[in-house]
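Read through the structure below, which is laid out as structure tokens, and then see the notes.
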Amino acid sequence: MGQHQDSITSKSNKENVDREILSMKDGNVIFYRAFFDRQHSQQLFTALNNSISWQQNRIKLFGKYLLEPRLTAYYGERSYCYSGVTRQPLLWTPVLLEIKSKIEPVAGVKFNAVLLNLYRHGSDSMGWHSDDERELGENSIIASVSFGATRRFIFRRKNDRALKVELNLGDGDLLIMGGKTQQFWQHQVPKVRREVAPRINLTFRVII
């Protein structure tokens, strides 16, 4: 586990959930390990894998359009523009609404959109970025839920790229990013050389 400020037991959608506040200057990140229990996580992974309208999009990167190195989907109530592409939302599905209802009381936010990523294997990845698009407003709260294989998730500070905080996001884990995190920090999911099973990640957000 990466750097941390404290580790306490907290109550959310089940009686005891490990709650860890990451030590990040100008960042506000809380990590809930195994927020969804293993059996429920496996059920949700299967439901998402089979029911979501996955697609591989082209994004604009350094002036060029490239295929994203993963599959994605976007659901919710408002359009969202990132990486030079405007995404129109699909309608909420029952499984997405179920997950949303579990994390909203913990995040203290009513989310109106979710961006999903399917990492099919170790070569699928997410490059360095911040979720700081205009549609998200200032000090946005983003709740990131992971199902399936464990993958590395790394933060680095924008004005000091040597300063990093790393953790492993596993099956059922929940990460809540708020405050000035997106203003001062970037994050990524790097490629891995070894064989790794698929992972689905959902980032719930509020589009204004």
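For the reader, a short list of remarks on this structure follows.
- One residue from Val206, Val192, Val196 being in contact with a Ser or Thr (Cβ under 7 Å, 6 or more places away or on another chain), among the hydrophobic types (A, V, I, L, M, F, W, C) and surrounded by fewer than 21 Cβ atoms within 10 Å (Cβ to Cβ): Val206
- Across segment 115-143, the qualifying residues are those that are touching a residue at least 60 places away in the same chain (Cβ under 8 Å), under 19 Å from Pro69 (Cα atoms) and outside any loop (DSSP other than H, G, I, E, B), and the one among them that is most open to solvent (accessible area, probe 1.4 Å) is Trp128.
- When the residues of segment 21-45 are filtered to those that are open to solvent by 70 Å² or more (accessible area, probe 1.4 Å) and outside any loop (DSSP other than H, G, I, E, B), the one that is farthest from Leu118 (Cα to Cα) is Asn28.
- Restricting attention to segment 88-110, the residues that are farther than 19 Å from Met177 by Cβ and buried (at least 19 other Cβ atoms within 10 Å of the Cβ) add up to 1.
- Test for Phe45: is it aromatic (Phe, Trp, Tyr) and either at pLDDT 95 or above or in contact with a His (Cβ under 9 Å, 6 or more places away or on another chain) (or both): yes
- Flag if Arg58 is on the phi < 0 side of the Ramachandran plot, open to solvent by 30 Å² or more (accessible area, probe 1.4 Å), in contact with a Leu (Cβ under 7 Å, 6 or more places away or on another chain) and among the basic types (Lys, Arg): yes
- Annotation note: of Tyr75, Tyr65, the sole residue that is open to solvent by 80 Å² or more (accessible area, probe 1.4 Å), part of a strand (DSSP E or B) and out of contact with any Gly (no Cβ under 7 Å at 6 or more places or on another chain) is Tyr65.
The values are calculated or read from the model by the stated rules, or taken from the named source; none is laboratory data. Since the structure is predicted, the reported quantities are computational estimates derived from the model, not experimental observations. Using ideal geometry, Cβ is built from the backbone for each residue, glycine included, and neighbour counts are taken over all protein chains shown. For the accessible areas, the whole protein counts, side chains as well, though only heavy atoms, and no ligand, DNA or RNA atoms are used. Shrake-Rupley method; radii C 1.70, N 1.55, O 1.52, S 1.80 Å.
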